[in-house]
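Worksheet: the structure to be examined is printed underneath.
The values are calculated or read from the model by the stated rules, or taken from the named source; none is laboratory data. Small disclaimer: the values here were computed from a predicted structure and weren't measured. All Cβ positions, even for glycine, are placed from backbone atoms using ideal geometry, and neighbour counts span all protein chains on display.
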Amino acid sequence: MDSTENQTSKRTNQQNRSLHLWCEMLAQELTFAGISQRVLLQAVNEVDNSAESVKSVFRALGKAKYLKSSTSELTTKEMSDIYDEFNRNLAKIGIHVEWPSEEQLNFYEANPS
C-alpha cells in the first residue's frame, strides 16, 4: 500500500475493494495451507477460512489498534498499517498474500469466480 497517501483521508473506494479481494485471496491461501480458524461455540472447533472471517480479523485489528469498529472509519494510513501488521504476523506461519494491485482488482471484478 502507498505510504505517501494523506494520513487523515478516509479509506478509498479502491482500498475497500482491494480489502475484500485480499480477504478472499488470503482465505483461499490459508485454506490451501491447511490453516483453520478456531472458534468457540460450546467447545473449540475449527472452521475453514472465508473472506468474511478474514475481514473480521482485519476489523478486530482496526478496533484494537485504532478503536474503530468499522473498516469504513479507517484512514488510508491506518488501512496500510493494519495490512502491514497482519501480513507481518502471517509471515510467521509462512503465509503471504500481496495487497491486490489495481490490475488484479480490475481483473477479479471483471471475472468473478
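Give me a count of the residues in segment 55-103 that are outside any loop (DSSP other than H, G, I, E, B) and either acidic (Asp, Glu) or under 18 Å from Ile35 (Cα atoms) (or both).
Of the residues in that region, 17 qualify.
Can you confirm whether Phe107 is surrounded by fewer than 17 Cβ atoms within 10 Å (Cβ to Cβ) and part of a helix (DSSP H, G or I)?
yes
Of Glu78, Glu98, which residue is modelled with pLDDT of 90 or more and either surrounded by fewer than 14 Cβ atoms within 10 Å (Cβ to Cβ) or among the small types (Gly, Ala, Ser) (or both)?
Exactly one residue qualifies, and that residue is Glu98.
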